[in-house]
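The values are calculated or read from the model by the stated rules, or taken from the named source; none is laboratory data. From a predicted model like this one, the values you see are computed outputs, not experimental measurements. No Cβ is skipped: glycine too gets one built from the backbone with ideal geometry, and neighbour counts run over all protein chains shown. Keep in mind that these areas ignore ligands, DNA and RNA; they rest on the heavy atoms of the full protein, side chains included. Shrake-Rupley method; radii C 1.70, N 1.55, O 1.52, S 1.80 Å.
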Amino acid sequence: MDLIFRKNVKNAVERVLHVPHNYTGGILEMTFVVDYALPKETAVSVTKETAALLRSHSQVFQNVRLNLLHWKTDSVLTNQPIPLSMLQLGRGLEGYETLPEKKSLDALTDTLKRFHARSKLVICLLGKDAVMLDEKRIRENLQPFLGRKSIFLCMPGNEVDGRPEIVMGAGILAKM
């Protein structure tokens, strides 16, 4: 990750944590979503670097309840509780295999709303094949809280620079 991207991620995380009535202290619960449409090398390196960035950024991330959500298909989203330090070491994605198929953000946001609403920070690492089928449904899923707690790291179509684009919460609707 280059310096500008690291700074932008830190700023995005700070914006999410300082939303009124979001995080008030104590142990932080967060969710990290990994899209299995990404190449394994990209997914592992970005998750490792993001975990390292968060742990070095603030004392808040030294003790975190992390839910690693594996987004394999629209119907197969599996949750794995894992320490952030293990994700920083590259663990948690051992059985990762690239599944290049189009997935809908509708299913992802629905799962996040139903099962990860407690999370104060949601970081989604998305491949370029994520599509939006029903914008109204996504908008409903992001309301009232999920849109303000979410950061979407969208991998570019060309893997030359390898730098994900950072999109905050409801901004994903304008991006897609």
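The GluC sites (Glu not before Pro) found in the range 72-176 that occupy coil by DSSP, while having at most 14 further C-beta atoms within 10 Å, are Glu94, Glu97, Glu101, Glu159. When trypsin sites (Lys or Arg not before Pro) are flagged only if DSSP places them in a loop and at most 16 other Cβ atoms lie within 10 Å, the longest unflagged stretch of the chain comes out as 1-90. As a length-normalised measure over Cα pairs under 8 Å and 6 or more apart, the relative contact order of the chain settles at 25 percent. Average accessible surface for the range 1-133: 47 Å² per residue, computed with a 1.4 Å probe over protein heavy atoms with every protein chain in place. Once backbone amide H atoms are built at 1.01 Å from N, Leu133 has Leu105, Asp106 as its partners under 5 Å, excluding neighbours fewer than 5 places away on the same chain.
Ellipticity at 222 nm from helices only: DSSP H runs of n ≥ 4 in the chain, each -39500 (n - 2.57), divided by the residue count, give -11000 deg cm²/dmol. In percent, rounded to a whole number, the relative contact order of the range 1-76 is 44, using alpha-carbon pairs under 8 Å and six or more apart. Can you pull the percent of the chain's accessible area that's carbon plus sulfur, 1.4 Å probe, other chains left in place? It is 52 percent, rounded to a whole number.
Cross-link check: pairs Lys48/Lys149; Lys10/Lys72; Lys72/Lys128; Lys48/Lys103 evaluated at a Cα-Cα cut-off of 25 Å; pairs beyond the cut-off: Lys10/Lys72.
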